[in-house]
Amino acid sequence: MAALERECMEELGLVVRVGKEIYRHEFKGEPDVFYMCDVVSGTLRSEIGGPEAERSDIYGEYEILWVDLKDVNALNVQPTAMKAMLK
């Protein structure tokens with residue numbers, strides 16, 4: 001969990017408390033795991049930080065959005081199974 005907390009600080013500018021695992025699937029042969037997190041402190045960055053900022057053109061788009069759950073259906077949430085879980 002320390003790695004997830006560190007990544008949230010590096011990429012989002014947020015201190016989080018990691019909660020329970022909410023979804024798991026395989027992506028390109030590797031496990032992809034999602035956790036529920038609570039924001040403890042910090043300010044959400046307007047742009048992603050860390051190495052992902054340089055890789056966004058190569059591996060896809062990384063965009064930070066803070067949206068109401070009612071608006072999730074209009075977004076391209078990946079994996080798509082997560083979209084149903086966020087309603």
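Based on other C-beta atoms within 10 Å, arrange 38, 32 from fewest to most.
Going from least to most buried by this count: 38, 32.
Read phi for every residue in the range 28-38 and hand back ³J(HN,Hα) as whole Hz from Karplus 6.51 cos²θ - 1.76 cosθ + 1.60, θ = phi - 60°, with x for Gly and Pro.
Each residue's phi maps through the Karplus curve to give 6, x, 10, x, 10, 10, 10, 10, 7, 10, 9 Hz.
List 6, 45 from most exposed to least, where exposure is judged by having the fewest other Cβ atoms within 10 Å.
So the ranking, lowest neighbour count to highest, is 6, 45.
What length, rounded to one decimal in nm, is gained on full extension from residue 76 through to residue 44, with 0.36 nm per residue of separation minus their alpha-carbon distance?
Extra length from residue 76 to residue 44 when fully extended: 9.5 nm.
Using a simple spin-label model with points 7 Å from Cα along the Cα→Cβ vector, what separation in nm is obtained for residue 34 and residue 5?
Simple spin-label model gives 2.4 nm for this pair.
Going by how many other beta carbons lie within 10 Å of each one, how would you line up 34, 27, fewest first?
27, 34
Read the figures in this text as sums done on the coordinates, not as results from a lab. Just so it is clear, the model here is predicted, and its values are computed rather than measured. No Cβ is skipped: glycine too gets one built from the backbone with ideal geometry, and neighbour counts run over all protein chains shown.
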